[in-house]
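Have a look at the structure below, then the notes.
The values are calculated or read from the model by the stated rules, or taken from the named source; none is laboratory data. Note that the coordinates shown come from a computational prediction; the quantities given were computed from them, not determined experimentally. All Cβ positions, glycine included, derive from the backbone under ideal geometry; neighbour counts span all protein chains shown.
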Amino acid sequence: MLLVGNQNSLRKQLLTFLGVSIALLSLTSSIVAAWIAVNQSRQVLEHHSLQIAGNLAHQSLLSLITESKENAEPALDQAMAFNDVSGVAIFTERMSLLQQRGEIDWQSDNLPVWFAEEQPTLAADRADHWIITAPVYLQEEQGDYAEFELAGDKEQLLGYVMINVSKDSLQSLTTNLFSYNLMIGLGFATLLLWLQNAGLKRITRPLLNLSQSMNEARSSGEHNYAKVEGPMEVRQIAESYNAMMQVLEQQEDKLVKLNSGLETEVEIRTKELTHARDTALVAVRTQSEFLANISHELRTPLQATMGYIELVIEELEDEAMDEPVEDLREAMRASTRLLALINMILDLAKCESGKMELMPQEISLHSLTQETEAVIRPLASKKQNTFKVYLPEEDPVLQVDKEKAQQVLLNLLSNACKFTEKGTVLLSASVDDGFVVWQVSDTGIGIPKNQQNMIFDKFRQIDGSVKRKYGGTGLGLAISKHFTEMMGGALDVFSETGQGTTFVFKLPLTAPADPVSQNLLSKNSSSTDLEKL
Ligand code: ADP
């Protein structure tokens, strides 16, 4: 509709422009034509009036020679017979009135100026009349009056004649000419406008049809072709538009084909992916179950072995055999480490198979932190570290899985003690916006920036070489991260190499209803890593 409106307005605009031009042209030409006609009529009337005055002068010779009013009558009658002549007068040579007929507007003061010319002349041009004067001469060759002697020269001034020519007919002619010309002009302009309108309609119809086709294509979304018609430019636009429509149609066909191909492709890929995911899920579950079983199988004999070692140690101590006791104690320490490793692997396998369960219980922040502190304090003193604990004054009751929260804290603190020598290890707790926030800081070796993301990966250690200075499995932080996320919390690290490390461990004050699900196929659970187990 918008395009159609514009098209109409184009025709209207052209029509208005042409209409105004035609009206102005007709008006100007009719006024100019009327003005020229009036001017010529005026010149004809003036010339005619001068002739009448000339004739009157000739007719008045006898009356002026005889200075007889009766002799003047025929000449005056003849002049008055002309339509526009409304008054006539004859004056003697001394400018005194001899005879007058009709209306004539003269005063004796004007006479010397009016009678100054030697020819019939327009003496005064008034609003509604002219006054024309002419001198009356007796000339030598005028045979009729041969008996009157000339004073000496070849011509002798006898008097003057004056006629009053009314402008009424000229004025009515002017009015008529202007009004008829205007009427004709207007009529002509109307006719031209009507013709223009019809012509414009014919010229703009193809443009209008074209815009309608475009408009329909736009609103319906279909590829409407336009009719190629009308002037050359419009035909060219229509042809270009049709070519564009054709290209669009071809592109759309291609798109439809591509789309249907893509859909099939996506369907096949989805099926493949679903199959791969199911296989992976089964594999992960099988691996986790295998690990859980194997850990159990390893743990039971290991624990039995440790029990026997304990018994043998006791018996050997009774018999005061110190040397083998020391060896057995070393075997006991190795077994304890092995048991811890098996427990960690078991925990990780449970987390990754989604079998790890949360057992929330109520415990105050102070008791949980202080219990942890008691376990870690002997470890801190081993490397001559100062161990400080800061607790907030408030002591909210937390609803957390105490074992897991403690395991995370112990792991962070034991790492802090392990990687710090003769420094400070700090444990602080605070409550912030529904969360309890523990910070474990140390002034130890720190972690390079580019490695800070990796330390949460399982089996990942900054120094993983065989000759490494610090022991460990590389599992503690991976399990801590799993536990934290299960409990709806967050675990982050901030560290500078050589300056120290701070771990921020956040847990909600109230445990989530369900443990936050762990993604079985996350990077921590990739098959390559599981294979490493
Ligand atoms: P590990 O048993 O090796 O300590 P973790 O998962 O607990 O395993 O830690 C992974 C690695 O992160 C460590 O081997 C160590 O390189 C680095 N790390 C953890 N805590 C600290 C710390 N406080 N200071 C320096 N490095 C640390």
Given the conditions (1) small (Gly, Ala, Ser); (2) more than 13 Å from the ligand (Cβ to nearest atom); (3) under 24 Å from ARG460 (Cβ atoms), and given that SER381 satisfies all but one, which numbered condition is not satisfied?
(3)
Only one residue in ASP322, ASP347 is closer than 30 Å to GLU289 by Cβ and not basic (Lys, Arg), so which one is that?
ASP347
In the list ASN453, ASN415, which residue meets the criterion of being closer than 29 Å to LYS350 by Cα and within 8 Å of the ligand (Cβ to nearest atom)?
ASN415
Just give me the residues in region 416-435 being closer than 16 Å to VAL504 by Cα, out of contact with any Phe, Trp or Tyr (no Cβ under 6 Å at 6 or more places or on another chain) and either among the aromatic types (Phe, Trp, Tyr) or part of a strand (DSSP E or B) (or both), in sequence order.
LEU426, LEU427, SER430, VAL431, ASP432, PHE435
Filtering region 365-388 for residues that are surrounded by fewer than 13 Cβ atoms within 10 Å (Cβ to Cβ) and at pLDDT below 90 leaves a count of 3
Within region 17-51, track down each residue that is more than 60 Å from the chain's Cα centre (by Cα), surrounded by 14 or more Cβ atoms within 10 Å (Cβ to Cβ) and closer than 13 Å to LEU173 by Cβ.
ALA37, VAL38, SER41, ARG42, LEU45
Among the residues of region 478-495, count how many are out of contact with any strand residue (DSSP E or B) (no Cβ under 8 Å at 6 or more places or on another chain), of a type outside the set (Val, Ile, Thr) and within 11 Å of the ligand (Cβ to nearest atom).
1
Being surrounded by 15 or more Cβ atoms within 10 Å (Cβ to Cβ), of a type outside the set (Asp, Glu) and either within 57 Å of the chain's Cα centre (by Cα) or at pLDDT 95 or above (or both) is the filter here, so list the residues in region 340-362 that pass it.
LEU348, ALA349, LYS350, CYS351, SER353, GLY354, MET356, LEU358, PRO360
Considering only residues that are part of a loop (DSSP other than H, G, I, E, B) and within 25 Å of LEU14 (Cβ to Cβ), which ones fall in region 205-244?
ALA226, LYS227, VAL228, GLU229, GLY230, PRO231
Residue in region 423-432 that is β-branched (Val, Ile, Thr) and within 8 Å of the ligand (Cβ to nearest atom) present:
no
Looking at TRP438 and the list (1) at pLDDT below 95; (2) more than 12 Å from the ligand (Cβ to nearest atom); (3) of a type in the set (Phe, Trp, Tyr), which single condition is not satisfied?
(1)
Positions within region 343-384 being polar (S, T, N, Q), outside any helix (DSSP H, G or I) and out of contact with any helix residue (DSSP H, G or I) (no Cβ under 6 Å at 6 or more places or on another chain), in sequence order
SER364, GLN384
Starting from region 476-495, take each residue that is under 22 Å from LEU398 (Cβ atoms) and in a strand (DSSP E or B) and list its partners that are within 11 Å of the ligand (Cβ to nearest atom) and of a type in the set (D, E, K, R), counting only C-beta distances under 6 angstrom and pairs at least six apart or across chains.
LEU491/LYS481
Residue check, SER63 crowded, with 17+ Cβ neighbours inside 10 Å, touching a residue at least 60 places away in the same chain (Cβ under 8 Å), of a type in the set (Ser, Thr, Tyr) and part of a helix (DSSP H, G or I)
no
In this structure, does PHE387 turn out to be in contact with a helix residue (DSSP H, G or I) (Cβ under 6 Å, 6 or more places away or on another chain), within 16 Å of the ligand (Cβ to nearest atom) and touching a residue at least 40 places away in the same chain (Cβ under 8 Å)?
yes
Any idea how many residues of region 92-147 are in a strand (DSSP E or B) and at pLDDT 90 or above?
21
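Here's the yes/no breakdown for (1) modelled with pLDDT of 85 or more; (2) over 17 Å from GLU249 (Cβ atoms); (3) over 40 Å from the mean Cα position of the chain (by Cα):
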{"position": "LEU186", "(1), (2), (3)": "yes, yes, yes"}
{"position": "LEU191", "(1), (2), (3)": "yes, yes, yes"}
{"position": "TRP194", "(1), (2), (3)": "yes, yes, yes"}
{"position": "ILE203", "(1), (2), (3)": "no, yes, no"}
{"position": "ASN209", "(1), (2), (3)": "yes, yes, no"}
{"position": "SER213", "(1), (2), (3)": "yes, no, no"}
{"position": "GLY221", "(1), (2), (3)": "no, no, no"}
{"position": "TYR225", "(1), (2), (3)": "yes, no, no"}
{"position": "GLU229", "(1), (2), (3)": "yes, yes, no"}
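For every residue, the table says whether it meets (1) under 25 Å from LEU302 (Cα atoms); (2) without any contact (Cβ under 8 Å) to a residue 40 or more places away in the chain; (3) not small (Gly, Ala, Ser).
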site: THR336; (1), (2), (3): yes, yes, yes
site: ASP347; (1), (2), (3): yes, no, yes
site: ILE376; (1), (2), (3): no, no, yes
site: CYS417; (1), (2), (3): no, no, yes
